[in-house]
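The values are calculated or read from the model by the stated rules, or taken from the named source; none is laboratory data. The shown structure was predicted, so the numbers you read here are calculated from the model rather than taken from an experiment. Because the Cβ atoms are built from the backbone with ideal geometry, glycine has one as well, and the counts that use them run over all protein chains shown.
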Amino acid sequence: MPYLRSVFWQQLCAWFDKLNQRYAIEGRISLLKRPETLLRSTPAGLYSPAGDFYIDPVRPVERALITHGHSDHARSGHRKVMATQQTLDIMALRYGPGFAGETQAAELGKTTGLNGVAINFHPAGHVLGSAQIAVEKDGMRIVASGDYKRASDPTCLGFEPIACDVFITEATFALPVFRHPDSRDEMAKLLKSVEQFPERSHLVGAYALGKAQRVIRLLRDAGYDRTIYIHGALAKLCDYYETQGVKLGPLAPATLEKDSAPDFAGTIVVGPPSAFQDRWARRFPDPVSCFASGWMRIRQRARQGGVELPIILSDHCDWDELTQTITELDPEQVWVTHGREEALVRWCDLNGYAARPLHLVGYEDEGD
Amino acid sequence: MEEFAALLDRLVLTPSRNGKLTLLADYFRDTPDPDRGLALAAITGDLNIANVKPAMLRTLIAERMDEQLFAYSYDYVGDLAETISLVWSADEPLRSNSVPTLGDVVTALERASRSDAVRMVEKWLDQLDASARYALLKLVTGGMRIGVSARLAKQALAQFGQVDVTEIEELWHGLTPPYQPLFAWLEKSAEKPESLSAAPFRPVMLSTPLEEPDYSRIKAEEYVAEWKWDGIRVQLTSERGQRRIYSRTGDDISHAFPDIADYMTFEGTLDGELLVARSGDKEMEIGAFGDLQQRLNRKTVSARQLESHPAFVRLYDLLVDGGDDIRTLPFAQRRTRLEAFAKQLEPTRFDLSPLITYDHFDDLVELRKTPPHPIIEGLMLKQRSSTYVPGRPKGPWFKWKRDPFIIDAVLVYAQRGHGKRSSYYSDYTFAVWTGPETEPHLVPVGKAYFGFTDEELKQLDAFVRNNTTERFGPVRSVRAEPQHGLVLEVAFEGLNRSKRHKSGVAMRFPRISRLRWDKPPIEADRLETLEAMLRDAQAIE
């Protein structure tokens, strides 16, 4: 009876709220404490009053816990940063070694105490190094999942479900229209096109961290063993993935040699999407512009972006993954952030989960 | 069904013509009968199946999902068929069951009533994947908009079978979906099908532009001269009671011009220019191309339009006289036969395009400069000995168009191009000055995306990037001030009044003829110049 349970829970909370206000008994009955004392949203990001730290803050803070290396979550300028070693490495690659005053590597699955709050990092399946952060105090556990996905990804550890009282979920693709197809079919689509248009080059737009390496790795898994050309912005990250055991096969920079006439006909070139509308793209013969993103599910998005071959490939959960994850974790409460919160909250209402939007600002819900 | 869906998905997003041709030809090669023929018919609009109304689809989805969640989804996607195709979910076992082919779907729908069709669609939606669901819904709602004309589809068939497209055009109207004999012939596994229908299309003879080196060839005893009328080229054919009006690419446009078809009481095939009349101050007069557009691209035509914009045909040539195919006779003889043939025709619907007498080439130069009617585009020069052959051979027929109109306008917006040009700002909106002389402002008058060289495109692109004042998605507005900006010399073929444009005028076939880096924007033309051109055009009428 999840529905009844949630109604009951809400009423109980409301009653304790009143009790708390009237008798100022906050903290005395620890079991019944509201989760907001453990984590709550502030303009700088998710903040823990109990532990005095932020998760993925959007402004420079004293102490930050970082879920993964995408630039809207991992910003430079915090004094102390705690994240997985891979996320710390990625931040150093992007911002330089002085990106934070102090860093601390979080080991997956190992508890660290911070002002009486127990902290645990668990794989999130989003990109290399990505983690969910579980915070726990007085029997109350909240999991901030950051960005995550459930679909298989050969370039990072898979999402690990963690039982919790409050689950904080992203909502980037939280509409029933978003259902990501099998990544193998999408790669087959790309390879078929390469075969059909041997005189053209295929430019695959993919975000530099995570998506680009996943596309390359998936092409290798599909049996494509020719050299893949990459934009300069990808080089450092691809090298880093290699050191972490993600084999990407033969890569070469998509640059022009001074003396020899370059010929990119028939090749696959991977680069950040923004580069393809730039003058950089002119070196390629009659390119087929492809974009690897969950947004490509919507035809109009592809059309507006001038994308000729959409590749529906996402590092975020689709609708089914989101709802299945909530069903599987069965948390007391669901907090929904960055994306289409209203649809997921509606689904939670219909299915008996207490849910509310967090209204965190500063995360690009467009990035995928 | 899934291959067809994949084809549609790619066609919609492929901007280049060659890309579309490759996709279509590959599909025809890889897909068995009857699916490939049915796909072809779906694309050319020749498929006749039960229609499902959007309201019925809404009812279907309402039975399956929360209304609010559907509303959020539809709001985001904006297209009903696409939304339903994406949100539809079925249990896995259903989907792994047999997947219907395009042939299964079309065969069932041909026999179905509308209400049966809805139930079938529901069953198929459970069996298909998202992309195929979308194709199915577009098919049954009749809203297949994929940017492929019938002409392009025929071109793809020609590429697939390595035959000339005129051969396909000639056969086309005798064939019906799924076109098995056609595919068999294109694959060289059967003889060319005979054109069975009465009144088939006969591929049209076209002309090449007359250029300087060929001026000396034009002599009165060799070439006859005619005006080139600015309507649409048509072929009228009437055989054994079957009457058809074809466009020059072989599309059957009879339904749009019943006022012509009704008077096609002859037996034979005529070539001419379709024009419309409109009521002038005192009597009916020939309408401009804008008037003709009132009658084009319509499924049906209203009685009011038949009265306000009646159509007629100015005759150029006779291809079949009674049962006698005279295409192999020289033009001069065909013309004589045409003049005799025209006598039996209804004079308000058919008249002869007059021949122009001249002695020397210099006379033509003068005539070209001062045509007697604004709807004349220039001159046609036809060799007296020319037989009527399909295509565009160089020599027998020349067209010599009037010089284009020219104005100087100011670049105001630029939009990123597609395909090869997606990294360039290659579509340019230009404006002219209006308002008081002391306080002029710019009003856009048109858009052009060709006419410049690749080198000029680079310069234009750099100018746009360095002078951007605002961005709206793929569009940038560009600095355009009296003393700072870029003047474009724009050439165009004609001018119409337009209620859709703020300036009140619309150009035909505008292109950029020169970049005037030397000219300050304030010296560009004013709207009054265009308005005067419009008045001049009407004064001749």
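Does segment A:165-222 hold any residues that are within 13 Å of chain B (Cβ to nearest Cβ), aromatic (F, W, Y) and within 18 Å of A:D318 (Cβ to Cβ), and which are they?
A:F173, A:F178, listed by residue number.
Tally time: how many residues in segment B:37-51 are outside any loop (DSSP other than H, G, I, E, B) and either more than 15 Å from B:T107 (Cβ to Cβ) or facing another protein chain (nearest Cβ under 10 Å) (or both)? Talk me through it step by step, then tell me what you get.
We begin by selecting, within segment B:37-51, every residue outside any loop (DSSP other than H, G, I, E, B); these are B:37-44.
Filter again for either more than 15 Å from B:T107 (Cβ to Cβ) or facing another protein chain (nearest Cβ under 10 Å) (or both), leaving B:40, B:43-44.
The total comes to 3.
Among the residues that make up segment A:142-161, is at least one of them of a type in the set (K, R) and crowded, with 23+ Cβ neighbours inside 10 Å?
Within segment A:142-161, one or more residues are of a type in the set (K, R) and crowded, with 23+ Cβ neighbours inside 10 Å.
Which of (1) at positive phi; (2) touching a strand residue (DSSP E or B) at 6+ places or on another chain (Cβ under 6 Å) does B:A491 not meet, given it meets every other one?
Tallying (1) at positive phi; (2) touching a strand residue (DSSP E or B) at 6+ places or on another chain (Cβ under 6 Å), B:A491 fails exactly one: (1).
Please work out if B:T101 is more than 30 Å from A:E341 (Cα to Cα) and more than 9 Å from chain A (Cβ to nearest Cβ).
Yes.
Looking only at residues that are within 11 Å of chain B (Cβ to nearest Cβ) and assigned to a loop (DSSP other than H, G, I, E, B) in segment A:295-333, which one is surrounded by the most Cβ atoms within 10 Å (Cβ to Cβ)?
The selected residue is A:E308.
Taking the criterion of being within 10 Å of another protein chain (Cβ to nearest Cβ) and either loosely packed, with under 15 Cβ neighbours inside 10 Å or not acidic (D, E) (or both), would at least one residue in segment B:52-62 satisfy it?
No - not one qualifying residue is present in segment B:52-62.
Yes or no: B:T328 over 24 Å from the mean Cα position of the chain (by Cα), of a type in the set (S, T, N, Q) and under 30 Å from B:E167 (Cβ atoms)? Break it down into steps so the answer makes sense when it comes.
On the way: over 24 Å from the mean Cα position of the chain (by Cα): yes; of a type in the set (S, T, N, Q): yes; under 30 Å from B:E167 (Cβ atoms): yes.
The answer is yes for B:T328.
Would you call B:R278 in a loop (DSSP other than H, G, I, E, B) and out of contact with any Pro (no Cβ under 6 Å at 6 or more places or on another chain)?
So B:R278 fails the test.
Looking at (1) more than 30 Å from A:D239 (Cβ to Cβ); (2) crowded, with 24+ Cβ neighbours inside 10 Å, which one does A:R179 not meet, given that it meets all the others?
Among (1) more than 30 Å from A:D239 (Cβ to Cβ); (2) crowded, with 24+ Cβ neighbours inside 10 Å, A:R179 violates only (2).
Could you give me the residue pairs with C-beta distances under 7 Å whose first residue belongs to segment A:104-116 and is not assigned by TED's automatic domain parsing to the domain that holds A:A134, whose second residue is surrounded by 12 or more Cβ atoms within 10 Å (Cβ to Cβ) wherever it lies, and which are 6+ apart or on separate chains?
Between residues of segment A:104-116 that are not assigned by TED's automatic domain parsing to the domain that holds A:A134 and residues that are surrounded by 12 or more Cβ atoms within 10 Å (Cβ to Cβ), there is no close pair.
Within segment B:16-36, can one find any residue that is farther than 18 Å from B:L86 by Cβ, part of a helix (DSSP H, G or I) and away from chain A (no Cβ under 14 Å)?
Within segment B:16-36, one or more residues are farther than 18 Å from B:L86 by Cβ, part of a helix (DSSP H, G or I) and away from chain A (no Cβ under 14 Å).
Among the candidates B:F430, B:F405, single out the residue that is surrounded by fewer than 22 Cβ atoms within 10 Å (Cβ to Cβ) and either free of Cβ contacts under 8 Å to residues at least 24 places away in the same chain or under 29 Å from B:D454 (Cβ atoms) (or both).
None of the others qualify; the one that does is B:F405.
I'm checking my understanding of the structure. Among residues of segment A:16-73 that are assigned to a loop (DSSP other than H, G, I, E, B) and at pLDDT below 90, which one is surrounded by the most Cβ atoms within 10 Å (Cβ to Cβ)?
Only one residue tops the list, namely A:K33.
Could you tell me whether A:G98 is part of a loop (DSSP other than H, G, I, E, B), surrounded by fewer than 24 Cβ atoms within 10 Å (Cβ to Cβ) and not charged (D, E, K, R)?
Judged against the criteria, A:G98 is a match.
Residues that are in a loop (DSSP other than H, G, I, E, B), under 28 Å from the mean Cα position of the chain (by Cα) and within 14 Å of another protein chain (Cβ to nearest Cβ): does segment B:72-87 have at least one?
So far as segment B:72-87 goes, yes, one or more of its residues are in a loop (DSSP other than H, G, I, E, B), under 28 Å from the mean Cα position of the chain (by Cα) and within 14 Å of another protein chain (Cβ to nearest Cβ).
Taking the condition surrounded by fewer than 19 Cβ atoms within 10 Å (Cβ to Cβ) and within 30 Å of A:A302 (Cβ to Cβ), does B:D454 pass?
yes
Can you report the number of residues in segment B:422-435 which are part of a strand (DSSP E or B) and not aliphatic (A, V, I, L, M)? Full working, then the answer.
In the first step, residues of segment B:422-435 are kept if they are part of a strand (DSSP E or B); the result is B:425-434.
Okay, now just the ones that are also not aliphatic (A, V, I, L, M), so B:425-430, B:433-434.
Qualifying residue count, segment B:422-435: 8.
Looking at B:G323, B:G250, B:G268, which is the one that is out of contact with any strand residue (DSSP E or B) (no Cβ under 8 Å at 6 or more places or on another chain), within 23 Å of B:H173 (Cα to Cα) and touching a residue at least 60 places away in the same chain (Cβ under 8 Å)?
Answer to the check: B:G250.
Could you say whether any residue in segment B:131-138 is among the basic types (K, R), modelled with pLDDT of 85 or more and part of a loop (DSSP other than H, G, I, E, B)? So that I can check it myself, show each step before the final result.
So in segment B:131-138, the residues among the basic types (K, R) come out as B:133, B:138.
If we keep only those that are modelled with pLDDT of 85 or more as well, we get B:133, B:138.
In the following step, the residues that additionally are part of a loop (DSSP other than H, G, I, E, B) were identified as none.
So far as segment B:131-138 goes, no, none of its residues is among the basic types (K, R), modelled with pLDDT of 85 or more and part of a loop (DSSP other than H, G, I, E, B).
For the structure I just gave you, tell me whether B:T265 is surrounded by fewer than 17 Cβ atoms within 10 Å (Cβ to Cβ) and in a loop (DSSP other than H, G, I, E, B).
Answer is yes for this residue.
Restricting attention to segment B:414-423, and to residues there that are within 8 Å of chain A (Cβ to nearest Cβ) and surrounded by 18 or more Cβ atoms within 10 Å (Cβ to Cβ), which single residue is modelled with the lowest pLDDT?
Across segment B:414-423, the extreme among qualifying residues is B:G419.
Examine segment B:481-498 for a residue that is among the basic types (K, R) and in a strand (DSSP E or B), and state whether such a residue exists.
yes
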